[in-house]
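Notes for the one structure printed next.
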Amino acid sequence: MSDETRKKQDMTISHHEIKPGSMPPNASISRKLREFYDAVQEEGIPDRFLDLLEKLEEAERNTNSVKVK
Amino acid sequence: MTMTEIDDRGFKRDLLASLPNLRAFAVSLTGRHDKADDLVQDTIMKAWANQTSFTAGTNMRAWLFTILRNEFYSQMRKRGREVQDTDGLFSERFSVHPEQYGRLDLQDFRKALDKLPDDQREAIILVGAAGFAYEEAATICGCAVGTIKSRVSRARSRLQELLGVSGEGEFGPDAGHAAITSRAFGG
């Protein structure tokens, strides 16, 4: 494939790209499902869970040091 | 530093890495963020207390999902005995502020997802969004692989019906369905 043909193909592909925010009416269920799921995943880890893990670790450290004594 | 301390660090690191995915699963199951976070908290505590029962090197994500799922259903059963009102539980899922449904364009999808039976919802989430193979999803749900496949397929049909869209997509490893559809309607 020549460089020129490839360039033309690239242009055709970009031409068909879906604009952000304009969901076609027949958008697949699977894509919506992943979008919904990923939106929650991207919220990251709430601080309460980081604090909880810190506390659990600390509690474990204390128990262990008691055992050593 | 003892070996146990090194292992603990690995455990915490892997747990943290799985948390966003685990939390998204909890939101999918409960239908709301506040309940989901309580469920995740219970799961973290259970997992921490039982970390000796986790075999290092095996799939921690699947292990955590199994704990969360068991916790969810045992809490549902407890609540069911207290309330004895499934209609109440159902309407509770919808009595949330709009922002709890997240992004506006996904609210319709979220509502449709909420209308699925629990077993179908969890199957399609595990395979279609959380990234598990059918076999792993079957282990997490404690059922046969064939059961997961049929639940996913029923969930997909129901969602298409509810949202009035054509299903050109496929879920997870099962591409057969979409291929048949496009052959039948492709002309």
query = Out of segment B:163-187, which residues are within 23 Å of B:Asp114 (Cβ to Cβ) and either modelled with pLDDT of 90 or more or part of a loop (DSSP other than H, G, I, E, B) (or both)?
reply = B:Gly164, B:Val165, B:Ser166, B:Gly167, B:Gly169, B:Glu170, B:Gly172
remark   = Conditions (1) closer than 25 Å to A:Leu33 by Cβ; (2) surrounded by 15 or more Cβ atoms within 10 Å (Cβ to Cβ); (3) at pLDDT 90 or above -> B:Arg32 fails only (3)
query = Do we have any residue at all in segment B:107-114 that's modelled with pLDDT of 85 or more, aromatic (Phe, Trp, Tyr) and assigned to a loop (DSSP other than H, G, I, E, B)?
reply = no
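The values are calculated or read from the model by the stated rules, or taken from the named source; none is laboratory data. These numbers were taken from a predicted model, which means no experiment stands behind them. Glycine gets a Cβ as well: all are built from the backbone with ideal geometry, and neighbour counts include every protein chain shown.
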